[in-house]
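Asks: Sharing a structure with you now.
The values are calculated or read from the model by the stated rules, or taken from the named source; none is laboratory data. None of these values were measured; they are calculated from a predicted model. Reconstructed Cβ throughout: ideal geometry from the backbone, glycine too, with neighbour counts over all protein chains shown.
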Amino acid sequence: MRRGPQVTPVAAEWDAALTDAVTDPDPRRRAERLARWQDLPHAHFAHPEAEHLLPLMVAMGAGGEGPAIRDYHDVVMGWAVSGFRFG
């Protein structure tokens, strides 16, 4: 996978779409959006395998009905990186 500033716009678009999905205030819609993660922009570029997102899905399920709160965001080696808190 490529690294560096050339991937930043793609990574930022993916990160924004994922953030929007997991912070959706409607629990049913949020779950549906995350279940369809592969439909988000640049999903397979950012996460070529579904198991890369399993920890996020488990945390969301364990977090209850409330949306995620993004409490970390940075750009590392050109990649937008976010951390979320649930519950």
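Asks: Is it fair to say Gly87 is out of contact with any Pro (no Cβ under 6 Å at 6 or more places or on another chain), loosely packed, with under 12 Cβ neighbours inside 10 Å and modelled with pLDDT under 95?
Replies: yes
Asks: Kindly check whether there is at least one residue in the range 42-60 that is touching a His at 6+ places or on another chain (Cβ under 6 Å) and closer than 18 Å to Ser82 by Cα.
Replies: Checking the range 42-60: at least one residue is touching a His at 6+ places or on another chain (Cβ under 6 Å) and closer than 18 Å to Ser82 by Cα.
Asks: Return the total of residues in the range 1-16 being within 17 Å of Leu53 (Cα to Cα), surrounded by 18 or more Cβ atoms within 10 Å (Cβ to Cβ) and hydrophobic (A, V, I, L, M, F, W, C).
Replies: Looking only at that region, the number is 2.
Asks: Let me ask something else. Looking at the range 34-42, is at least one residue at pLDDT below 95, loosely packed, with under 13 Cβ neighbours inside 10 Å and more than 12 Å from the chain's Cα centre (by Cα)?
Replies: No, the range 34-42 has no match at all.
Asks: Quick test of your reading of the structure: Thr19 fulfils all but one of (1) closer than 23 Å to Met77 by Cβ; (2) crowded, with 16+ Cβ neighbours inside 10 Å; (3) over 11 Å from the mean Cα position of the chain (by Cα). Name the failing condition by number.
Replies: Unmet condition: (3).
Asks: Go through the range 1-15 and count every residue that is closer than 18 Å to Phe84 by Cβ and either without any contact (Cβ under 8 Å) to a residue 60 or more places away in the chain or more than 13 Å from the chain's Cα centre (by Cα) (or both).
Replies: Within the range 1-15, residues that are closer than 18 Å to Phe84 by Cβ and either without any contact (Cβ under 8 Å) to a residue 60 or more places away in the chain or more than 13 Å from the chain's Cα centre (by Cα) (or both) number 1.
Asks: Here is a further query. Tell me whether the range 2-16 contains one or more residues that are among the polar types (S, T, N, Q) and at pLDDT 95 or above.
Replies: Checking the range 2-16: not a single residue is among the polar types (S, T, N, Q) and at pLDDT 95 or above.
Asks: Oh, and also: Just checking: which of the helices (runs of 4 or more DSSP H) contained wholly in the range 19-78 hold 2 or more residues that are among the aromatic types (Phe, Trp, Tyr)?
Replies: Output list is empty.
Asks: Residue by residue through the range 16-41, note down the ones that are over 15 Å from Val81 (Cα atoms) and in contact with a Pro (Cβ under 7 Å, 6 or more places away or on another chain).
Replies: Matches in the range 16-41: Thr23, Asp24, Pro25, Arg30.
Asks: Based on this model, can you work out whether Thr19 counts as in contact with a Ser or Thr (Cβ under 7 Å, 6 or more places away or on another chain) and β-branched (Val, Ile, Thr)?
Replies: yes
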